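Here's the structure, in C-alpha cells; my notes come after.
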Amino acid sequence: MLTELLYILLIVIPGTGGEICVSRAMKQVGEGMDFRPRAIARVVGRAIHIPWMWIGVSLMIINWTCLPTCRCSCSSAFSGIAA
C-alpha cells in the first residue's frame, strides 16, 4: 500500500510540477508568431536560458522514468481489485 502511494506521488507531483514550470517559462519567453526557422531558433534560444524550463523538463523526466516502474509493480497489486 505504501509503495503504491509512493509511486503515485512520484508520478503526480513531478508531472504536474513540470507542466507548471514549463508553462511559467513559456509565458516569460512569449508567443512565437513567426514560423520561419530563424524565428523558431530565436524562441528556443530564449527558452533554454530560463531556469524554470530546465526545472520543468527535469521534473517531467522524473515523471516519465517513474511511470513504467509504477505500471509494472502496481499492476499486480491492483489486479485483485479489478477482478
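No value in this document is a laboratory result; all are computed from the given coordinates. Since we're looking at a predicted model, the values are computed, not measured. We place every Cβ from the backbone using ideal geometry, glycine too, and count neighbours over all the protein chains shown.
Observations, loosely collected:
- Rough spin-label spacing in nm, given labels placed 7 Å along Cα→Cβ, for residue 61 and residue 24: 1.9 nm
- Förster-model FRET efficiency, 41 Å R0, residue 39 and residue 9, C-beta, rounded to 0.05: 0.55
- Contact order, relative form, for the range 1-74: 50 percent (alpha carbon pairs under 8 Å, 6 or more residues apart, mean separation divided by residue count).
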